[in-house]
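First the structure, in the form of structure tokens, and then the observations on it.
The values are calculated or read from the model by the stated rules, or taken from the named source; none is laboratory data. Source: prediction; values computed, not measured. Note that we place each Cβ from the backbone using ideal geometry, even for glycine, and neighbour counts take in every protein chain shown. Remember, those area values only see protein heavy atoms, side chains included, never the ligands or the DNA or RNA. Shrake-Rupley method; radii C 1.70, N 1.55, O 1.52, S 1.80 Å.
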There are 2 protein chains.
Amino acid sequence: MQNDIMTRFGQAVRKLRREQEISQEELAERCGLHRTYISDVELGKRNVSLENIERIAASLNISLVNLFMEVDNG
Amino acid sequence: MQNDIMTRFGQAVRKLRREQEISQEELAERCGLHRTYISDVELGKRNVSLENIERIAASLNISLVNLFMEVDNG
């Protein structure tokens with residue numbers, strides 16, 4: 001069974017962040033969010049909303065489409 | 001200036017729903033959400049979360065990638 005959307009989203013964010021070799025702290029700072037929030041997102045514990053999805057994508061320098069490509073296919 | 005993400009997401013949902021010729025009531029029922037919630041989403045008034053984004057995409061029979069392609073390019 002496919003993982004739930006929060007888990008898949010978190011895994012995608014973690015993978016993309018690590019590929020860019022940036023820390024949770026760095027990503028959080030770029031997003032204007034707290035490091036523990038980013039940690040929770042990556043662990044699939046947060047039902048992230050549109051505005052924060054956009055902040056995360058922008059901070060990873062990718063489009064929403066490319067972010068969800070990773071979510072769908074990751 | 002580009003519209004905010006909530007507005008763009010709502011416009012994409014409305015466009016895709018209309019292309020499929022289904023009503024807000026029908027989409028809401030498929031999503032297991034209230035019609036007024038779908039109406040608010042389409043008007044850009046809701047900071048929709050991952051779980052509801054997935055419900056809406058599934059109810060429109062499209063992938064998350066294709067939904068956000070409409071959001072990004074719409």
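Of the DSSP H helices in chain A, those that are both long (alpha-carbon extent of 15 Å or more along the helix axis) and hydrophobic (Kyte-Doolittle mean at least -1.0) are A:5-19.
With contributions of -39500 (n - 2.57) from each DSSP H run of at least four residues, the per-residue ellipticity at 222 nm computed over the protein assembly as shown stands at -20500 deg cm²/dmol.
Chain A packed on chain B takes about 1700 Å² of accessible surface away from a 1.4 Å probe, both sides summed.
Other chains' Cβ within 10 Å of A:46-55 residues: what's the mean?
Values: counts 2, 6, 5, 9, 16, 5, 4, 8, 6, 1.
Per residue, the average neighbour count from other chains is 6.
May I ask for the distance between the Cα centers of the stretch B:1-56 and the stretch A:47-73, given as a whole number of Å? Going from one Cα centre to the other spans 18 Å.
Once both labels are positioned 7 Å from their Cα atoms along Cα-to-Cβ, the gap between B:ARG18 and B:ASP72 label points is 2.4 nm.
Straight distance only, please: which lysines reach the Cα of A:LYS45 with their own Cα at less than 20 Å, same-chain residues fewer than 8 apart left out? Partners found: A:LYS15.
Taking all protein chains in place and a 1.4 Å probe, what share, in percent, of the accessible surface of chain B do carbon and sulfur account for? Percent of accessible area from carbon and sulfur atoms in chain B: 42. For the stretch B:57-73, a drop of 30 Å² or more in accessible area on going from the chain alone to the assembled protein chains (1.4 Å probe) is found at B:LEU64, B:VAL65, B:PHE68, B:ASP72.
I'd like to check one number: the per residue accessible area of the protein assembly as shown, probe 1.4 Å, reported in Å² as a whole number. Spell out each step's value before the answer.
On the way: 7740 Å² over 148 residues.
Per residue, the protein assembly as shown has 52 Å² of solvent-accessible surface.
Rounded to the nearest 10 square angstrom, A:ARG46 shows an accessible area of 90 square angstrom against a 1.4 Å probe. The mean sequence distance of close C-alpha pairs (under 8 Å, at least 6 residues apart), as a share of the length of chain B, puts its relative contact order at 41 percent.
With the charge dipole of chain B set up from +1 on Lys and Arg Cβ and -1 on Asp and Glu Cβ about the Cα centre, the Cα lying farthest toward the positive end among the listed residues B:ASN73, B:LEU27, B:VAL41 is that of B:VAL41.
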